[in-house]
Amino acid sequence: MADETTVPLLPCASIDDMADFYEVLGFRTAYRQRRPNPYVVMQREDLHLHFFEIDGFDPAQSYGSCLVLTPDIDGLHRAFAAGMRAAYGKVLVSGTPRMTRPRARRNAAGVSGFSVIDPGGNWIRVVHRVAAAQPAPVGRLATALANAVVQADSRGEVRQAVRILDSALARPEAGDDPVARVEVLVYRAELAMVLHDPGTATEMLAAVERVVMTADESARAGAALQTAADLAVALRQHPATEQAVRAGEIPPVPTNPDVDPPDGR
């Protein structure tokens, strides 16, 4: 039969935490109950997510996951990011919950995707609905980035992704695309935040500022530069950053006016 609908039911430790978080992303609470079992339904237009509460549930051990297919992946990401900035003053890039940035997935024929890791530890994998596979990455850095995205964003193997990126960054070549270099540096900074390593994240953002690009290249790197701005805000708010700066362990977080949003968020 046609017109069937599949709706994921995902576990969590608290339906209240889930409702609060998804409301930040623009969802509304469509249904909630406490008895006979805690259950909440969150809805954003045609996107429905159902959550059930488990006493003693550990989000760090969650295997919950689902796919969201959308024709406007960038628009959905912008909306989620705007909600986070309004509620938290930053885009959440580390810890739980957090959100990754849209990137081409080599293990999905180059189709772009990003993930929301919610308070229940569920991976909401947002994928661009397209009909055709995208071109394979071209160039040493772009290939390394694609491989790292598979490891970290798809498989959750952050440390393996770090090894791939560090190897690529350790061997700069004259013909490297500066836009690809910015993409790699920003992604490495993002992964450093996931690993609670503000020193490396600061180092990567400082390296981004040293990349020389033409106006056209800067435009192509626009999404990465916006992510760098979000990371800089998150870094300045990271509990370990101020202590490390005062101790002289890391330099102050870069504040490039061409990258940071004018309102500081």
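When you scan region 199-210, do you find a residue that is at pLDDT below 95, within 14 Å of the chain's Cα centre (by Cα) and buried (at least 20 other Cβ atoms within 10 Å of the Cβ), even just one?
No: zero hits.
Restricting the search to region 12-30, which residues are in contact with a strand residue (DSSP E or B) (Cβ under 9 Å, 6 or more places away or on another chain), closer than 27 Å to residue 73 by Cβ and either surrounded by fewer than 17 Cβ atoms within 10 Å (Cβ to Cβ) or among the β-branched types (Val, Ile, Thr) (or both)?
Selection gives 23, 26, 28, 29, 30.
Look through 150, 40, 130 and report the one residue that is more than 13 Å from the chain's Cα centre (by Cα), among the aliphatic types (A, V, I, L, M), outside the structural domain of residue 197 (by TED's automatic domain parsing) and farther than 23 Å from residue 25 by Cα. Before you say what the answer is, go through the steps one by one.
Details: 150 fails: outside the structural domain of residue 197 (by TED's automatic domain parsing); 40 fails: farther than 23 Å from residue 25 by Cα.
Testing whether each residue is more than 13 Å from the chain's Cα centre (by Cα), among the aliphatic types (A, V, I, L, M), outside the structural domain of residue 197 (by TED's automatic domain parsing) and farther than 23 Å from residue 25 by Cα leaves just 130.
Would you point out which residue out of 79, 30 is at pLDDT 95 or above and more than 19 Å from residue 115 (Cβ to Cβ)?
The unique qualifying residue is 30.
How about region 176-207: which of its residues are part of a loop (DSSP other than H, G, I, E, B) and touching a residue at least 24 places away in the same chain (Cβ under 8 Å)? Reasoning before the result, please.
Narrowing region 176-207 to residues part of a loop (DSSP other than H, G, I, E, B): 176-177, 195-197.
Matches in region 176-207: 176, 177, 195, 196.
Going residue by residue through region 105-127, is there one that turns out to be exposed (fewer than 15 other Cβ atoms within 10 Å of the Cβ) and hydroxyl-bearing (Ser, Thr, Tyr)?
no
If only one of 173, 157 is acidic (Asp, Glu) and either in contact with a strand residue (DSSP E or B) (Cβ under 7 Å, 6 or more places away or on another chain) or farther than 20 Å from residue 102 by Cα (or both), which one is it?
Criteria check complete, one pass: 173.
The values are calculated or read from the model by the stated rules, or taken from the named source; none is laboratory data. Bear in mind the structure is a predicted one, so any value in this text is a computation, not a measurement. Backbone-built Cβ (ideal geometry, glycine too); neighbour counts: all protein chains shown.
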